[in-house]
Amino acid sequence: MRSLILRLAAIAGALTGAGVAPGLADGAPPTLTPSIVGEPPQGGGVLRFPQAVAVSPGGGTVFVGDQNSSVVQAFAPDGTPKFSVGFHASRREPGRLGVVGGVATDRTGHLYVLDAENERVQVFSAADGHFLTQFGDGSVFNLLGGNPETIGGGRSASGLAVAQPPGGAPVVYVADQGNDRVERFALDPGTLLPTAAPQLSPASVDLLAPQGIALDPGATRVYVADDDHHRVLVLDPATLALVGSVGTFGSGPGQLQNPYDVAVDSHDPAQLYVADNQNHRVDVFDAFSLGFLGTFGHQGYGPGVGNVAVVRSVGALTDTPGGGIDVADTANDRIQAFDSGGTVTAAWGLSGRGPGYATDPRGVAIGADGAIAVADAFDERIGLFAPDGTWVGLRGQVSASTGFATEGSNPGQFNLPAGVAYDAGGNLWVADTANNRVQQIGPDGTVLSITSVAGAAAVAPAAAGTYVASRTGGTVVLRAPDGSLSTVQSGLAQPVAVAVAPGGGAVYVADDTSVRDTVTGTLIAGPGGSTTWDHPAGLAVGPDGTLYVSERRPATADGARVLRGTPSSPTTFAWDTVAGEGAGVGQVVKPGGLGVSPDGTTLVVADTGNDRVVRFDAAGHAPPATATLRAGVEGIDRGTLLSDLPGIACATDCRQRFGTGRVVTLVAKPAAGSVIAGWSGACAGAGTAPTCAVTMDTDHDTAVRFAAAPPPPVAPPVTAPAPTPAPPVVLRSVRLDTHTLRAARRADVRRRVRARRATRAHATVVLSRPATLTVMVQQGRPGRRAGSSCVAVTRANRRRTRCTRFVTIPRRRTLAAGAATVRFTVTATFGTSAKALAPGSYRLALLALDSNGNRVGPRTVSFRVAR
């Protein structure tokens, strides 16, 4: 056996041109050198759906809970990174995190993190992030409110606040959405652990999925974002009894849609800020009178400042004169700082959904030319890297509104892509798991074929066809070149990986407890000789027959690993460890799919828990050299900076790696009323030109400066004022004189049923000016609560909280309103259909279109149809 291992090693050296690496004389396999593919994946301002923000006393540090990265990052007030706390927890490890629901600080240098996925509060040093202690579990908390796989995706994760009087002990308040309550924990100042069971908010407070929670600077009031009731409640900090409330459902002044967080600053008078999630804004109230003061931000995706999308958290400056807040602009993956008057003073964040990043990668492959494809499961795309390391694009369907890939079932679109592989012709095969199919995509992005396979989890192209692991079917199937399917192996327990040996001599499959050769039926023994594996998740085979296996081992402390099996026979391997568990460059957490280069010199690993791809190169080989372009914008409210090779979208997403020798063109776009005032750094010679080309021969820094446009020349006097356009129409009110309708019916003497005329409801609509009205009917249907939404009932969610969702049905009327007041009649046969509406709940939804093309609405009014 020893001589065979040495012969195989010599063959591998000949294939790579590297010869026999040091250590092979005693039978040791060659050392592999690790590196990261693409952008630095964690910390340094990289954000993936930030959900929690807290500002330290005095405002010196801003802590951001970046939930989909399982980290908390610390920043200076201007966004300069300081340090990061934690990485993904696989087994509730202290100091590691899952979905982060809240962050808070006390007055004695401690950082509190609501680790919602693991149902606990962890305490760290606010100075450097080292772990101190933790408390709580599933018997106390229900912080995700359900299944972490369906809700955790983790966009609904409760909230946290801390009060500490000068010289006193900390008191922790938790908004526990799954239990519909607030919990108050008094801590021992020495151990920072609860001194007794938590005090609970009374049932009479009537919370429904509470999210954010905060106190005023004097800790005299507790404010709770009562998400599903669309309001903010004020509680007594000692008894948790209800003191007051503000907000109703809607998008008007002082109205809220699924508020997610609250904060109170040190402005005089103190201001209450509400993260108005679905209205895409921050609402501002007087913290004590609860009077409405205004809003910050406006809805919008993209790199400009002041626009926000899905506001999930606010962190107030409580010890800073004048106050202000830091806002988690969640769907834009960044933080924006506003002063108390609503002016943006700073903005930072690099989107983890942007070019060169991955979130929850499940699969990875290397093409014949060295190109790398990544199945980026959370981001619903296949990320593509050129052989020189440059991000060159993606496969998937990009939303026109967000600029990011979005899930769906169209050809070329994905829903939880998991496995990816190149075939000999350079085509890409994708296991599109949640769409229950496999897609074959040509080098130009054309979809060549779509094959239905239930729960397709992994693909492995070969001469005989493409092998597919069906996780839900428990099988491996072969898709022949003509598109026909045949079963190769059945009776498996959730197979998730498949790999084909060179020449097709073996087809390996991994399920929950085994790795086997489907051709011979032989179970492959792992380290120690046992054929029982602990959740292997990835397989790859080198050209010399070396077998690589990623194994998660969820019940073993620090158990995740990537193994290399040097063959001593077709089914027997000598194993060594390529990577162990951790967040270091050569470590992994929840490793997924694997890929090997055709020459066997490079192994790539989908490091799922660390949101990255790790590359391992044999001696004599190295990853491609890249150079980093760091850009900047002076005058962040006056323009943006973009790059033609994707990556730079500045004011905040301002760093990207490119292959050396690449030419990157930067494009400066001034906002209205602004001009380009000049460039600096690598683009200093561009003057005031709108573009600058940078050759990436080394790392480069550059910035563009925007300034106010000079005032226009004075126009000659105008003898007559220009006509003032009429203001946009306003839907002032909608009323029904009755909210219950009954259909007409005929008399039936035999059944003793009397005739009945149809109920007629008289609707009155008041407009600010004449307009065309479109009146639609929305039908109430059963639903189930899913985070902030009410969705259709499925078998998977049928036990969740009931709710009513309204769906527009084909019943509508269009009315040309020649006056500001419009009246019409509503019956159970409203619209063009003669058939009466079925008994149930309904709404009229009204849209108004004026002569200038301004459209407002919908404005709704409820009614029901009775038998």
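The values are calculated or read from the model by the stated rules, or taken from the named source; none is laboratory data. Not measured: the values here are computed from a predicted model. Backbone-built Cβ (ideal geometry, glycine too); neighbour counts: all protein chains shown. Surface areas here come from the heavy atoms of the whole protein model, side chains and all, with no ligands, DNA or RNA. Shrake-Rupley method; radii C 1.70, N 1.55, O 1.52, S 1.80 Å.
Couple of notes before you dig in:
- 18 Å cut-off, amide nitrogen to a point 7 angstrom out along Ser399 Cα→Cβ, residues in the stretch 303-332: 303-304, 307-313, 328-332
- Using the 1.4 Å probe convention, the accessible area of the stretch 363-437 works out to 33 Å² per residue with neighbouring protein chains retained.
- Kirkwood Rh, angstrom, the chain [1 / mean 1/r, Cα pairs]: 30.0
- A Förster radius of 45 Å combined with the Cβ-Cβ distance from Ser569 to Thr698 puts the calculated FRET efficiency at roughly 0.35.
- Ellipticity estimate at 222 nm from DSSP helix runs (n ≥ 4, -39,500 (n - 2.57)) divided over the chain, nearest 500: -500 deg cm²/dmol
- Selected from Ala557, Gly592, Val541, residue furthest toward positive end of dipole (the stretch 540-601; charges at beta carbon): Ala557
- Förster radius 35 Å - calculated FRET efficiency between Asp78 and Ala169, Cβ distance, rounded to 0.05: 0.60
- The angle between the Cα long axis of helix 2-16 and the longest principal axis of the Cα atoms of the chain comes to about 60 degrees, rounded to the nearest 10.
- Counted charge near Gly780, where neighbours are those whose Cβ lies closer than 11 Å (Asp, Glu -1; Lys, Arg +1): +4
- Rounded accessible area per residue of the stretch 28-153, 1.4 Å, Å²: 30
- Using the Karplus relation 6.51 cos²θ - 1.76 cosθ + 1.60 with θ = phi - 60°, the per-residue 3J(HN,Hα) values for the stretch 37-47 come to 7, x, 7, x, x, 10, x, x, x, 6, 10 Hz, with x marking Gly and Pro.
- Shape call, the stretch 462-519: gyration tensor on alpha carbons, a/c limit 1.5: oblate
- The charge dipole of the stretch 257-370, taken about its Cα centre with unit charges on the Cβ of Lys, Arg, Asp and Glu (plus for the first two, minus for the last two), comes to roughly 400 debye.
- In nm, spacing of pseudo-spin labels at Asp206 and Arg795 (7 Å Cα→C-beta vector): 3.7
- Accessible area per residue in Å² at 1.4 Å probe, computed on the stretch 561-682: 32
- Between the stretch 610-652 and the stretch 744-788, the alpha-carbon center distance in angstrom: 57
- Linear extension gain, Thr860 paired with Ser452, 0.36 nm per residue minus alpha-carbon span: 142.6 nm
- Across the options Gly673, Pro623, Ala651, the greatest Cα extent toward the positive end of the charge dipole of the stretch 612-683 (unit charges at beta carbon of Lys, Arg, Asp, Glu) belongs to Pro623.
- Using the Cβ-Cβ distance between Ala622 and Val766 with R0 set to 56 Å, the FRET efficiency from 1/(1 + (r/R0)^6) comes to roughly 0.20.
- The distance between label points at Ser125 and Val714 comes to 6.5 nm (points 7 Å beyond Cα on the Cα→Cβ vector).
- Under the simplified labelling scheme, the Ser35-Arg630 pair shows an inter-label distance of 2.0 nm, with each label point 7 Å from Cα along Cα→Cβ.
- Of all DSSP beta bridges confined to the chain, the antiparallel ones make up roughly 95%.
- Charge tally in the Cβ shell below 9 Å around Ala418, where Lys, Arg are +1 and Asp, Glu are -1, Ala418 excluded: +1
- Whole-percent carbon and sulfur share, accessible surface of the chain, 1.4 Å: 53
- Cα-centre dipole for the stretch 806-867 with unit charges at Cβ (Lys and Arg positive, Asp and Glu negative), debye to 20: 240
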